[in-house]
Amino acid sequence: MTTPLRGNRDFRLLWLSGLFAVLGGQMSALALPLLVLKETGSAVQAGAIGTVSVGAVLITMLPGGVMADRVERRRLMRICDVGSLIVVTALAAAVWSGHVPMTLVLLCAAAGAVIGSVYGPAVFGLMRAVVPADQMGTATARLQARTQTARLVGPLVGGALFGIHPALPFAAEALGLFLSTVCVALVRTRSRARAKAGAVFSRRELTAGLTFLWGLPYLRTVLLVFGLGMNFAFGALTFTALTAFSDGGRSGVGGGFVLTCVSAGALSGALLAPRIRPARHSRILIVATCWTCVAAAGVMAWVSRPVVAGLMCALTMCLSTIASIGFLSKLLVVTPEEKVGRVQSAAGFLSSMVQPFGPLAGGALLTAFGARWAFALTGCVLALSALVVTFAPSARTEPAPPDEASPAGTPEPAAGPAPADEGPGPVPTTGPEHTPAAARRAVPGD
């Protein structure tokens, strides 16, 4: 009989680890751009932080997956935790001393991005060892709900701490990372290190995850259309709504309401997902999400009211979160254990590579054609994606889990019973949770 998740000791520790880290990270996520603006007065330098972070993530994401498959994953997570703690502590000390060189901030952003690119795939792999396949969807949903809640609370607390002293949000993140490190150290489950001859970062190793995804038509189609195309178009849609309903920047009430609804929708989806069991209905949920996005774009094109736009964005984000949890759970189950790190990195790479260009496209359409046509044209792109996901033969047949002769995780002999037998994305957001604020990145389900 499978132990419920609430009785799975290692799952509880991973849940707490992410809670401490993401709360601290969200506190400093707001504080870092404020700090750069306070120190330099330059919006360009503040923007450079995000550019460095995104660039470092995209460059190191695939090598991070290789490392997660080559090194025992819990050990790799502990190394990344300690590295993140050192980086954030150095930044907090510099801010406390009153001397924050821009070079240090950029180095912290780049280091945090690299650490996050390694940590994320390692967590995905360890989840495979900690949580049974039939509980993966529920575990992923609980981790996502935890993350979305922390994202709502964290920036408010971080802003308040920054008002007291600029160093406090970064000190809070350092404390969160320390507690996270302790939780990871207490996890008993171990994954198998993949011992294989050959160059670690060879072309074959770096592209192994992409090759696996490309070889399964369902995964290939969904990631290219839902993960890549829909992320791009939805980014353009939300940016257009934010700009259009902020009255050209003269009022932040309408745009702020839309963004709040997006966050509320994501949290609602994460809370509803365990009741729906999205892994069993992932294709239906993906199709429903795509057509809801089309409907949202159409409604916003003809009804210019922030309340309506916010409600449509909330509904879309709720469905998107549930569908992403279902797809991620399916992906974790069908991926062979020795490839989990590289496959998750490849999926994150495909889903993230076009996200920075969505707001740029939305802004260009808004400038060239106005709000109504910007929404309408974005809706056309969304409709094309929805048609492919709905009618493409490759999107109709979901892959089956691989046959594996041995359990995915090997517990430490002296630590007691195997937690893998007791009962787990990022869980979609585990990677960014352990990255300093300058290096946050989007992943499926965010």
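Details
- Residue in region 82-126 that is modelled with the lowest pLDDT, counting only those that are surrounded by 16 or more Cβ atoms within 10 Å (Cβ to Cβ) and among the aromatic types (F, W, Y): F124
- Summed over region 62-79, the residues that are over 21 Å from L177 (Cα atoms) and either modelled with pLDDT under 80 or assigned to a helix (DSSP H, G or I) (or both) give a count of 7.
- Residue within region 353-376 that is assigned to a loop (DSSP other than H, G, I, E, B) and farther than 26 Å from L210 by Cβ present: yes
- Evaluation of L177 against (1) open to solvent by 10 Å² or more (accessible area, probe 1.4 Å); (2) at pLDDT 80 or above (one fails), failing number: (1)
- Checking each residue of region 156-178 against the condition of being over 21 Å from P33 (Cβ atoms) and under 18 Å from the mean Cα position of the chain (by Cα) gives no match.
- Between T243, T238, the distinction of being under 19 Å from Q355 (Cα atoms), open to solvent by less than 70 Å² (accessible area, probe 1.4 Å), out of contact with any strand residue (DSSP E or B) (no Cβ under 9 Å at 6 or more places or on another chain) and modelled with pLDDT under 80 belongs to T243 only.
- Annotation note: Cβ proximity below 9 Å between a residue of region 331-351 that is outside any helix (DSSP H, G or I) and a residue that is among the hydrophobic types (A, V, I, L, M, F, W, C) and open to solvent by 10 Å² or more (accessible area, probe 1.4 Å) (sequence gap 6+ or interchain) occurs for T335/F124; T335/F212; P336/F212.
The values are calculated or read from the model by the stated rules, or taken from the named source; none is laboratory data. Nothing here was measured: the structure is a model prediction, and the numbers come from that model. Please note: Cβ atoms are built from the backbone with ideal geometry, for glycine as well, and neighbour counts cover all protein chains shown. Surface areas here come from the heavy atoms of the whole protein model, side chains and all, with no ligands, DNA or RNA. Shrake-Rupley method; radii C 1.70, N 1.55, O 1.52, S 1.80 Å.
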